Amino acid sequence: MHLDNHTSQASDLLDPSIQGQAFDDKNINPEFSKKYFIESYGCAMNFSDSEIVASILAQEGFKSTTNEKEADLILLNTCSIREKAEQTVRSRLANFNKLKAKKPGVLIGVLGCMAERLKKKFLEEEKIVDIVLGPDAYRDLPNIIATAEGGQKAVNVLLSREETYADISPLRLGTNGISAFISIMRGCDNMCSFCVVPFTRGRERSRDAYSIVAEAKDLSQKGFKEVTLLGQNVDSYKWLNPETNEEVSFAQLLVMVAKVDPTMRVRFSTSHPKDITDEVMYAIRDYHNICKYIHLPVQSGSSRILKLMNRTYDQEWYKAKIDRINEIIPDCAISSDIITGFCTETEEDHQETMDIMRYSNYSLSYMFFYSERPGTLAARKYEDDVPLEVKKRRLSEVIRVQNQVAHELNKKDIGHTFEVLIEGNSKKSDQEFKGRTSQYKTVVFPKHENYKPGDYVNVKITAASPATLRGEIILS
Ligand code: SAH
Ligand code: SF4
Ligand code: F3S
C-alpha cells in the first residue's frame with residue numbers, strides 16, 4: 001500500500017501521475033467553470049480517497065485539471081507516515097503559495113493524514129492554506145469551499161466511527177482502465193507503537209459488503225480486469241448484515257468479490273500477521289482469480305523489537321504463518337514491510353530481521369528506516385536512540401538481502417509459464433509489453449499483434465532479475 005517508499009523497488013500498484021478526468025453531469029450549471037487540481041501522497045488508501053473527493057467535486061460542477069496553474073482549487077491529499085512524507089508536502093505547499101501570490105483567488109486545501117495530525121496549524125499558525133479537511137470529513141467539502149470563498153477559516157477534522165463513503169461512487173483518477181482500488185474499510189485499531197495511522201485515520205470500521213460487491217460489478221462492466229481491496233488491516237474486516245444479522249468476514253468478502261467476474265483479478269492489501277486466517281488462504285487457493293500474493297508486513301525479525309512495536313506476534317508466530325501459507329498455497333508470493341533502527345534495536349536484532357527475510361523468501365519488500373512520529377506510543381515511551389547513520393546502514397543491508405532473496409526466488413520461475421495480465425508498454429520499449437503474474441511479479445516480453453493491454457496471455461519466463469522477469473508469449 002505504499003507509494004512514497006524509498007525502497008529497492010517502487011510499487012506501481014497505480015500510476016502516481018494523477019490525471020484528471022472529465023465528468024458529465026446534466027444537473028450542473030453550464031456557467032460554472034471552476035477547475036480543481038488534486039495531488040496525492042502516501043498509501044493507496046489516500047489515492048482511493050482522492051477518487052471520492054473527485055466524485056464529490058464533480059457533483060458540485062468542478063472540472064479537473066492536471067495543470068495546477070489553471071486551477072481555482074488546489075488540493076493536496078497528504079501523508080504523515082514518516083517525516084520525509086511530511087517534508088514533501090511542505091515543499092509542494094510552498095510552490096502552490098508562490099502560484100497563489102500571482103493568482104490570489106486560488107484556494108489551497110490540505111486533505112488526508114497531515115490535515116488530521118496538524119489540525120488548524122497550517123491554517124492559523126502558518127497561514128499557508130485556506131482549507132483543512134481530515135479523512136472522514138470529505139462530504140463537508142462543498143460547505144468548506146463556500147466558507148473559504150467567504151474568507152472564513154475552513155476546517156473540519158472530525159473523525160467518525162461510521163463514515164465509509166459506501167454510497168459515493170469514486171471518480172477513477174489516472175486510470176489505465178484495467179486496475180482499480182476498492183476501499184473496504186477505514187481506520188485502524190491496532191496501535192503499533194511506531195505508527196501514526198490510528199491517530200490520523202481514527203477507529204476501524206468496515207464498509208457494507210454489498211456496496212463493495214456493487215462497486216466490483218460496476219468495474220467489471222466497465223471492462224476493468226483487476227480490483228484491489230484496500231484497508232490497513234483487511235483481515236479484521238467484519239460487517240454485520242443488518243437484515244440477516246449475519247457477519248461477513250474478510251474471507252467471505254473475498255469470495256463474494258471473486259464471484260462477480262471470474263476474469264477479473266482480486267487483490268488485497270494489507271494483511272496483518274496476527275489476523276490472517278486459514279479461510280483467507282483457502283479462498284486464495286480455491287479461486288483462480290484471487291491472486292496468489294500476500295503482503296504480510298513483518299516490520300522486524302526480533303521478538304523483542306516486535307514486542308516494543310506492539311505488533312502482538314513474535315518471530316515464531318510469524319514463521320508459522322509463513323509455513324502455513326506455503327503449505328496451503330505453495331505457489332503464493334509473499335511480500336513485506338520492514339523498519340530498520342527502531343528504538344533500542346541492536347545488531348543482533350538487525351541480523352534477526354535479515355534472517356526472517358531469508359526464511360520468508362519475500363518477492364518484494366518496502367523498506368524504511370524508523371522515523372519517530374509525534375504523539376505515537378513509541379515517541380512517548382521510548383528513546384529514538386539508534387543514530388541516523390546506523391539506521392541508514394542497516395536499511396542498505398536489508399535492501400541488499402531483499403535483492404538477493406528476490407533474485408533467487410525469481411530465478412526459480414525461469415522455464416515456467418505464467419498467466420500475465422498485460423498492463424501496457426514496458427518502460428524501456430514500445431516493442432515490449434509489461435504485465436503482472438498472479439504473484440504480482442512484473443514480466444516484460446515482446447509484443448504480439450493478437451494481444452493488447454487488459455488481455456491475459458501466457459508467458460514463458462526466460463530470464464530473471466531481482467525486480468523483473470523476462471519472457472516470451474506462448475500462443476494458445
Ligand atoms: N497497515 C499496514 C501498514 C501501514 S503503514 C500494516 O500494518 O502493515 C506502511 C508501512 O510504513 C508500515 O508497514 C511500516 O513498515 C512503515 N512505517 C509506519 N510507521 C513508520 C515510522 N514511524 N517510521 C518508519 N516506517 C514506518
Ligand atoms: Fe499502523 Fe499497525 Fe495499523 Fe498498520 S496495523 S496502520 S502499522 S497501527
Ligand atoms: Fe496512508 Fe500515510 Fe495516512 S500511509 S493512512 S496516507 S499516514
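The values are calculated or read from the model by the stated rules, or taken from the named source; none is laboratory data. Predicted, not measured: the structure shown is a model, and the values here were computed from it. Virtual Cβ from ideal backbone geometry, glycine too; neighbours counted across all protein chains shown.
Does Cys192 meet the test of being closer than 30 Å to Pro374 by Cα and out of contact with any helix residue (DSSP H, G or I) (no Cβ under 7 Å at 6 or more places or on another chain)? Quick ask: steps written out before the conclusion?
Numbers: closer than 30 Å to Pro374 by Cα: yes; out of contact with any helix residue (DSSP H, G or I) (no Cβ under 7 Å at 6 or more places or on another chain): yes.
So Cys192 passes the test.
State all residues of segment 461-476 that are at pLDDT 95 or above, farther than 15 Å from Leu409 by Cα and surrounded by fewer than 16 Cβ atoms within 10 Å (Cβ to Cβ); if no residue qualifies, say none.
Glu472, Ile474
Here's the yes/no breakdown for (1) within 16 Å of ligand 1 (Cβ to nearest atom); (2) more than 22 Å from the chain's Cα centre (by Cα); (3) not assigned by TED's automatic domain parsing to the domain that holds Phe369:
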{"position": "Ala115", "(1), (2), (3)": "no, no, yes"}
{"position": "Gln152", "(1), (2), (3)": "no, yes, yes"}
{"position": "Cys192", "(1), (2), (3)": "yes, no, yes"}
{"position": "Val196", "(1), (2), (3)": "yes, no, yes"}
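Can you spot a residue in segment 67-82 that is outside any strand (DSSP E or B), within 16 Å of Gly112 (Cα to Cα) and without any contact (Cβ under 8 Å) to a residue 40 or more places away in the chain?
No, there is no match, as no residue in segment 67-82 is outside any strand (DSSP E or B), within 16 Å of Gly112 (Cα to Cα) and without any contact (Cβ under 8 Å) to a residue 40 or more places away in the chain.
For segment 230-246, what are the residues that are out of contact with any strand residue (DSSP E or B) (no Cβ under 7 Å at 6 or more places or on another chain) and either among the hydrophobic types (A, V, I, L, M, F, W, C) or more than 16 Å from ligand 3 (Cβ to nearest atom) (or both)? It would help to see each step written out before you state the result.
Restricting attention to segment 230-246, the residues satisfying the condition of being out of contact with any strand residue (DSSP E or B) (no Cβ under 7 Å at 6 or more places or on another chain) are 232-233, 235-236, 242-246.
Once the filter is applied, which keeps residues that are out of contact with any strand residue (DSSP E or B) (no Cβ under 7 Å at 6 or more places or on another chain) and either among the hydrophobic types (A, V, I, L, M, F, W, C) or more than 16 Å from ligand 3 (Cβ to nearest atom) (or both), segment 230-246 yields Asp235, Pro242, Glu243, Thr244, Asn245, Glu246.
What are the pairs, 6+ residues apart or on separate chains, where a residue within segment 146-170 that is over 15 Å from Leu111 (Cα atoms) has its Cβ under 6 Å from a residue that is part of a loop (DSSP other than H, G, I, E, B)?
Once the first residue is over 15 Å from Leu111 (Cα atoms) and sits in segment 146-170, its partners that are part of a loop (DSSP other than H, G, I, E, B) give Ser160/Asp136; Arg161/Arg203; Glu163/Asp136; Thr164/Arg207; Ala166/Arg207; Ala166/Asp208.
Answer yes if at least one residue in segment 199-217 is more than 26 Å from Pro135 (Cα to Cα), outside the structural domain of Gly42 (by TED's automatic domain parsing) and under 21 Å from the mean Cα position of the chain (by Cα), and no otherwise.
No; the residues of segment 199-217 include none that is more than 26 Å from Pro135 (Cα to Cα), outside the structural domain of Gly42 (by TED's automatic domain parsing) and under 21 Å from the mean Cα position of the chain (by Cα).
Restricting to segment 376-385, what's the tally of residues that are within 27 Å of the chain's Cα centre (by Cα) and either in a helix (DSSP H, G or I) or farther than 26 Å from Cys113 by Cα (or both)?
Count: 3.
Quick test of your reading of the structure: Asp25 fulfils all but one of (1) within 16 Å of ligand 1 (Cβ to nearest atom); (2) among the charged types (D, E, K, R); (3) modelled with pLDDT under 95. Name the failing condition by number.
Of (1) within 16 Å of ligand 1 (Cβ to nearest atom); (2) among the charged types (D, E, K, R); (3) modelled with pLDDT under 95, only one is false for Asp25: (1).
Looking at Gly435, Gly424, which one is modelled with pLDDT of 95 or more, on the phi > 0 side of the Ramachandran plot and not aliphatic (A, V, I, L, M)?
Gly424
Leu171 passes all but one of (1) assigned by TED's automatic domain parsing to the domain that holds Asp49; (2) away from ligand 3 (no atom under 16 Å from the Cβ); (3) closer than 20 Å to Tyr41 by Cα; which number fails?
Going through the list (1) assigned by TED's automatic domain parsing to the domain that holds Asp49; (2) away from ligand 3 (no atom under 16 Å from the Cβ); (3) closer than 20 Å to Tyr41 by Cα, Leu171 breaks only (1).
Output the residues belonging to segment 362-375 that are near ligand 1 (Cβ under 7 Å from one of its atoms), in contact (Cβ under 8 Å) with a residue 40 or more places away in the chain and assigned to a strand (DSSP E or B).
Matches in segment 362-375: Tyr366, Phe368.
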